[in-house]
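First up is the structure itself, then whatever we jot down about it.
The values are calculated or read from the model by the stated rules, or taken from the named source; none is laboratory data. All figures in this text were calculated on a predicted structure; none of them were measured in a lab. Every residue, glycine as well, gets a Cβ built from its backbone with ideal geometry; the counts of neighbours run over all protein chains shown.
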Amino acid sequence: MPHLIAPSVLAADFANIQRDFEMINASEADWFHIDVMDGVFVPNISFGMPVISAMKKHAKKPLDVHLMIVNPDQYIGTFKQIGADILTVHYEACTHLHRTLQAIKAEGMKAGVALNPHTPVNLLEDIIQDIDLVCIMSVNPGFGGQSFIEHTYNKVVELKKMISRKEASTLIEIDGGVNADNAKLLLDAGADVLVAGSFVFKSENPKATIQKLKSI
Ligand code: DX5
Ligand code: ZN
(Lines give C-alpha, C1' and ligand atoms only; values in the text may rest on other atoms or scores of the structure.)
(Ligands and ions follow the chains in the order given, each with its own letter.)
Protein backbone atom coordinates (compact mmCIF):
# COMPACT_ATOMS: atom_id res chain seq x y z
CA MET A 1 0.00 0.00 0.00
CA PRO A 2 1.36 3.48 -0.83
CA HIS A 3 1.84 5.57 2.27
CA LEU A 4 -0.75 8.14 3.34
CA ILE A 5 -0.30 11.82 4.17
CA ALA A 6 -2.45 13.51 6.79
CA PRO A 7 -1.83 17.27 7.13
CA SER A 8 -2.45 18.40 10.71
CA VAL A 9 -4.91 21.28 10.60
CA LEU A 10 -3.67 22.52 13.98
CA ALA A 11 -1.08 24.42 11.94
CA ALA A 12 -3.65 25.82 9.47
CA ASP A 13 -4.90 29.41 9.51
CA PHE A 14 -8.11 29.22 11.57
CA ALA A 15 -9.31 32.53 10.18
CA ASN A 16 -9.12 31.00 6.70
CA ILE A 17 -10.06 27.42 7.44
CA GLN A 18 -12.21 27.02 4.33
CA ARG A 19 -9.33 28.14 2.11
CA ASP A 20 -6.89 25.77 3.80
CA PHE A 21 -9.35 22.86 3.60
CA GLU A 22 -9.85 23.49 -0.12
CA MET A 23 -6.07 23.42 -0.57
CA ILE A 24 -5.97 20.00 1.13
CA ASN A 25 -8.94 18.78 -0.94
CA ALA A 26 -7.07 19.73 -4.10
CA SER A 27 -3.77 18.24 -2.92
CA GLU A 28 -2.45 14.68 -2.81
CA ALA A 29 -3.21 14.45 0.91
CA ASP A 30 -5.23 11.42 1.99
CA TRP A 31 -6.77 12.49 5.33
CA PHE A 32 -7.33 15.57 7.46
CA HIS A 33 -5.61 15.14 10.85
CA ILE A 34 -7.67 16.91 13.52
CA ASP A 35 -6.14 17.44 17.00
CA VAL A 36 -8.54 17.73 19.93
CA MET A 37 -6.93 18.90 23.21
CA ASP A 38 -8.75 19.34 26.51
CA GLY A 39 -6.27 21.22 28.71
CA VAL A 40 -6.22 18.22 31.11
CA PHE A 41 -4.62 15.32 29.27
CA VAL A 42 -2.31 17.82 27.57
CA PRO A 43 -1.32 21.34 28.66
CA ASN A 44 -3.16 23.03 25.80
CA ILE A 45 -6.70 23.50 24.48
CA SER A 46 -7.34 23.37 20.73
CA PHE A 47 -10.95 23.25 19.50
CA GLY A 48 -14.08 21.20 19.98
CA MET A 49 -17.25 19.95 18.36
CA PRO A 50 -18.70 23.11 16.71
CA VAL A 51 -15.40 23.82 14.99
CA ILE A 52 -15.03 20.23 13.76
CA SER A 53 -18.63 20.30 12.42
CA ALA A 54 -17.76 23.43 10.46
CA MET A 55 -14.56 21.81 9.16
CA LYS A 56 -16.46 18.70 8.08
CA LYS A 57 -18.59 20.78 5.72
CA HIS A 58 -15.50 21.66 3.71
CA ALA A 59 -13.63 18.35 3.90
CA LYS A 60 -13.74 16.01 0.92
CA LYS A 61 -11.39 13.48 2.53
CA PRO A 62 -11.68 11.41 5.74
CA LEU A 63 -11.30 13.11 9.13
CA ASP A 64 -8.60 11.45 11.25
CA VAL A 65 -9.49 12.74 14.71
CA HIS A 66 -6.78 12.51 17.38
CA LEU A 67 -8.25 12.87 20.87
CA MET A 68 -5.80 14.18 23.45
CA ILE A 69 -8.45 14.16 26.16
CA VAL A 70 -9.29 12.30 29.35
CA ASN A 71 -12.46 10.16 29.41
CA PRO A 72 -12.78 9.86 25.63
CA ASP A 73 -15.53 7.22 26.01
CA GLN A 74 -18.18 9.77 26.82
CA TYR A 75 -17.76 11.55 23.47
CA ILE A 76 -17.44 8.64 21.01
CA GLY A 77 -21.03 8.99 19.71
CA THR A 78 -20.68 12.75 19.37
CA PHE A 79 -17.49 12.50 17.32
CA LYS A 80 -19.25 10.08 14.98
CA GLN A 81 -22.15 12.52 14.59
CA ILE A 82 -19.90 15.44 13.71
CA GLY A 83 -18.09 13.46 11.04
CA ALA A 84 -15.05 11.59 12.40
CA ASP A 85 -14.00 8.67 10.20
CA ILE A 86 -11.04 7.52 12.27
CA LEU A 87 -11.12 8.13 16.02
CA THR A 88 -7.86 7.80 17.95
CA VAL A 89 -7.67 7.70 21.73
CA HIS A 90 -4.57 7.77 23.89
CA TYR A 91 -3.41 4.54 25.52
CA GLU A 92 -2.57 6.60 28.62
CA ALA A 93 -6.14 7.96 28.87
CA CYS A 94 -8.01 4.63 28.68
CA THR A 95 -8.46 2.29 31.62
CA HIS A 96 -10.52 -0.17 29.56
CA LEU A 97 -8.94 0.19 26.15
CA HIS A 98 -10.54 -2.91 24.64
CA ARG A 99 -14.02 -1.65 25.54
CA THR A 100 -13.23 1.81 24.15
CA LEU A 101 -12.05 0.37 20.81
CA GLN A 102 -15.18 -1.79 20.52
CA ALA A 103 -17.35 1.28 21.17
CA ILE A 104 -15.57 3.25 18.43
CA LYS A 105 -16.02 0.41 15.93
CA ALA A 106 -19.66 -0.07 16.92
CA GLU A 107 -20.23 3.52 15.74
CA GLY A 108 -18.77 2.58 12.35
CA MET A 109 -15.45 4.41 12.74
CA LYS A 110 -11.91 3.07 12.46
CA ALA A 111 -10.31 2.78 15.91
CA GLY A 112 -6.88 4.23 16.65
CA VAL A 113 -4.61 4.17 19.70
CA ALA A 114 -1.95 6.85 20.25
CA LEU A 115 1.17 6.24 22.33
CA ASN A 116 3.04 8.99 24.13
CA PRO A 117 6.82 9.01 23.57
CA HIS A 118 7.41 7.26 26.91
CA THR A 119 4.89 4.46 26.31
CA PRO A 120 6.46 1.26 24.95
CA VAL A 121 4.85 -0.39 21.93
CA ASN A 122 4.99 -3.83 23.58
CA LEU A 123 2.05 -2.77 25.79
CA LEU A 124 -0.12 -3.31 22.69
CA GLU A 125 0.84 -6.98 22.39
CA ASP A 126 -2.55 -8.28 23.58
CA ILE A 127 -4.72 -5.75 21.75
CA ILE A 128 -2.98 -5.12 18.43
CA GLN A 129 -5.44 -7.23 16.41
CA ASP A 130 -8.28 -4.96 17.56
CA ILE A 131 -6.54 -1.73 16.52
CA ASP A 132 -6.98 -0.23 13.03
CA LEU A 133 -4.26 2.39 13.52
CA VAL A 134 -1.48 3.02 16.05
CA CYS A 135 -0.40 6.65 16.24
CA ILE A 136 3.18 6.79 17.52
CA MET A 137 3.73 10.24 18.99
CA SER A 138 7.12 11.51 17.92
CA VAL A 139 6.77 14.61 20.15
CA ASN A 140 5.05 15.07 23.49
CA PRO A 141 1.43 15.80 22.57
CA GLY A 142 -0.01 19.25 23.09
CA PHE A 143 1.69 21.52 20.60
CA GLY A 144 2.64 21.71 16.94
CA GLY A 145 6.09 22.74 15.81
CA GLN A 146 8.19 20.64 18.20
CA SER A 147 11.32 18.66 17.33
CA PHE A 148 11.10 15.04 16.31
CA ILE A 149 12.21 12.47 18.92
CA GLU A 150 14.75 10.15 17.29
CA HIS A 151 13.85 7.08 19.36
CA THR A 152 10.64 6.92 17.28
CA TYR A 153 12.39 4.89 14.56
CA ASN A 154 13.01 2.00 16.99
CA LYS A 155 9.38 2.03 18.04
CA VAL A 156 8.19 1.85 14.42
CA VAL A 157 10.46 -1.13 13.69
CA GLU A 158 9.34 -2.95 16.82
CA LEU A 159 5.66 -2.27 16.18
CA LYS A 160 5.93 -3.37 12.55
CA LYS A 161 7.39 -6.70 13.69
CA MET A 162 4.58 -7.17 16.19
CA ILE A 163 1.94 -6.41 13.53
CA SER A 164 3.30 -9.00 11.12
CA ARG A 165 3.91 -11.59 13.86
CA LYS A 166 0.29 -11.22 14.99
CA GLU A 167 -0.96 -11.08 11.37
CA ALA A 168 -2.78 -7.84 12.12
CA SER A 169 -3.66 -5.22 9.51
CA THR A 170 -2.96 -2.23 11.76
CA LEU A 171 -1.59 0.94 10.15
CA ILE A 172 1.31 2.80 11.78
CA GLU A 173 0.91 6.59 11.89
CA ILE A 174 3.64 9.02 12.98
CA ASP A 175 2.64 12.32 14.55
CA GLY A 176 4.93 15.21 15.49
CA GLY A 177 7.91 16.91 13.90
CA VAL A 178 7.60 15.04 10.59
CA ASN A 179 9.53 16.71 7.77
CA ALA A 180 11.51 15.94 4.61
CA ASP A 181 14.54 14.88 6.70
CA ASN A 182 12.84 12.09 8.63
CA ALA A 183 9.94 11.05 6.36
CA LYS A 184 11.89 8.55 4.25
CA LEU A 185 13.53 6.94 7.28
CA LEU A 186 10.10 6.60 8.91
CA LEU A 187 8.64 4.96 5.81
CA ASP A 188 11.64 2.63 5.54
CA ALA A 189 11.15 1.69 9.19
CA GLY A 190 7.54 0.69 8.45
CA ALA A 191 5.33 3.76 8.83
CA ASP A 192 2.11 3.85 6.77
CA VAL A 193 0.72 7.32 7.57
CA LEU A 194 2.66 10.55 8.07
CA VAL A 195 1.02 13.45 9.91
CA ALA A 196 2.60 16.83 9.19
CA GLY A 197 1.51 20.20 10.55
CA SER A 198 4.15 22.93 10.57
CA PHE A 199 6.18 21.38 7.79
CA VAL A 200 3.17 21.68 5.45
CA PHE A 201 1.49 24.90 6.56
CA LYS A 202 4.59 26.98 7.29
CA SER A 203 6.09 26.13 3.93
CA GLU A 204 5.99 28.49 0.98
CA ASN A 205 3.76 26.18 -1.05
CA PRO A 206 1.79 23.79 1.20
CA LYS A 207 0.28 21.88 -1.70
CA ALA A 208 3.70 21.21 -3.22
CA THR A 209 5.01 20.19 0.21
CA ILE A 210 2.22 17.62 0.52
CA GLN A 211 3.14 16.29 -2.92
CA LYS A 212 6.78 16.08 -1.84
CA LEU A 213 5.84 13.97 1.19
CA LYS A 214 3.50 11.81 -0.89
CA SER A 215 6.04 11.09 -3.59
CA ILE A 216 8.82 9.83 -1.28
C1 DX5 B 1 0.70 17.33 18.64
C2 DX5 B 1 -0.32 17.00 17.61
C3 DX5 B 1 0.22 16.93 16.23
C4 DX5 B 1 0.74 18.25 15.73
C5 DX5 B 1 1.80 17.97 14.69
O6 DX5 B 1 0.13 17.23 19.89
O7 DX5 B 1 -0.90 15.73 17.88
O8 DX5 B 1 -0.73 16.40 15.31
O9 DX5 B 1 -0.27 19.05 15.17
O10 DX5 B 1 2.35 19.17 14.33
P11 DX5 B 1 3.84 19.30 13.77
O12 DX5 B 1 3.87 18.51 12.48
O13 DX5 B 1 4.01 20.75 13.60
O14 DX5 B 1 4.76 18.69 14.80
ZN1 ZN C 1 -2.14 14.72 16.30
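Tabulated values for the structure
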| read-out | value |
| --- | --- |
| Residues satisfying the stated conditions in the stretch 12-33, i.e. among the hydrophobic types (A, V, I, L, M, F, W, C) and either modelled with pLDDT under 95 or closer than 23 Å to Lys110 by Cβ (or both) | Ala12, Phe21, Ile24, Ala29, Trp31, Phe32 |
| Given (1) within 16 Å of ligand 1 (Cβ to nearest atom); (2) hydrophobic (A, V, I, L, M, F, W, C); (3) over 15 Å from the mean Cα position of the chain (by Cα), number of the condition Ile69 does not satisfy | (3) |
| Test: residue in the stretch 79-87 that is aromatic (Phe, Trp, Tyr) and closer than 19 Å to Gly197 by Cβ | no |
| Among (1) out of contact with any helix residue (DSSP H, G or I) (no Cβ under 7 Å at 6 or more places or on another chain); (2) surrounded by fewer than 20 Cβ atoms within 10 Å (Cβ to Cβ), the one test that Gly83 misses | (1) |
| Helices (runs of 4 or more DSSP H) contained entirely in the stretch 164-216, each with at least 2 residues that are at pLDDT 95 or above and within 14 Å of ligand 2 (Cβ to nearest atom) | 198-201 |
| Candidate set from the stretch 160-204 (those that are out of contact with any strand residue (DSSP E or B) (no Cβ under 9 Å at 6 or more places or on another chain) and among the hydroxyl-bearing types (Ser, Thr, Tyr)); member that is farthest from ligand 1 (Cβ to nearest atom) | Ser164 |
| Candidate set: the stretch 2-17, residues that are under 18 Å from the mean Cα position of the chain (by Cα) and away from ligand 1 (no atom under 13 Å from the Cβ); chosen: the one nearest to Ala196 (Cα to Cα) | Leu4 |
